[in-house]
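Values in this text are rule-based calculations from the coordinates and carry no lab data. These numbers were taken from a predicted model, which means no experiment stands behind them. Cβ: placed from backbone, ideal geometry, glycine included. Neighbour counts: every protein chain shown.
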Amino acid sequence: MFAMRKAQSAGAVVAAAAAMAVVTGAGPASGAIAPDADVAYGGHVSLSAGRIAVWLRSVNHGPSSLANATVRLQFSEPLADGRELSQGCLRSGQHEVLCQTGALPVMGEGQPVALDLWTRGQPAEVTVRIDTAWNGGATDRNPLNNELEVLVPATGDPYFI
């Protein structure tokens, strides 16, 4: 009797999950399967007398390639106005810059991001947070390598991300 109830409740859970997938458009019922791509970032940041220099590369560990992605860089200090950004980058607030990665083939790199920014003052340190703002809807099963944070003291030395 217990085994039959357990089987019935397992069947009800499966039926409920299938119904939820149809209603929400999730799973195979939606007709589209999201690509699976593991985007990762690496590079370095330096700070000296209010100048922040960033060099960042994007890598895709696969298994699917991506046509493009957008990396978000957030700074703990407000950025000075009037600085021209690298091609493919734009300011999205006082503390934030968004940049395109370009195409990310499997086991390949996107276009590097090089930024020369200034803060509004001359802070003793800046915290920089980096993450993926957009990846075309791809599933990333390892977000730990694309959600980074680094504390950058105003020494002028490069601190690796």
- Per-residue HN-Hα couplings for region 43-57, Karplus 6.51 cos²θ - 1.76 cosθ + 1.60 at θ = phi - 60°, whole Hz, x for Gly and Pro? x, 8, 9, 9, 9, 8, 6, x, 9, 10, 10, 10, 10, 9, 10
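Counting other Cβ atoms within 10 Å of each Cβ, which trypsin sites (Lys or Arg not before Pro) in region 65-161 have at most 16 and sit in a DSSP loop?
Within region 65-161, the qualifying trypsin sites (Lys or Arg not before Pro) (loop, at most 16 other Cβ atoms within 10 Å) are Arg83, Arg120, Arg141.
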- Message: Going by amide H atoms built from the backbone, whose H comes under 5 Å of the H on Ala80, apart from near neighbours?
- Response: Trp118, Thr119, Arg120
- Query: If the chain between Thr127 and Ala53 were fully stretched, how many nm would it gain, using 0.36 nm times the residue separation less the Cα-Cα distance?
  - Reply: 25.4 nm
- Placing each pseudo-label 7 Å from Cα in the direction of the beta carbon, Trp118 and Gln74 end up separated by a distance in nanometres of 2.6 nm
- Message: Skipping prolines and chain starts, which residues have an amide H placed within reach, meaning under 5 Å, of the one on Ile161, given they are 5 or more residues away or on another chain?
- Response: Gly43, His44, Val45
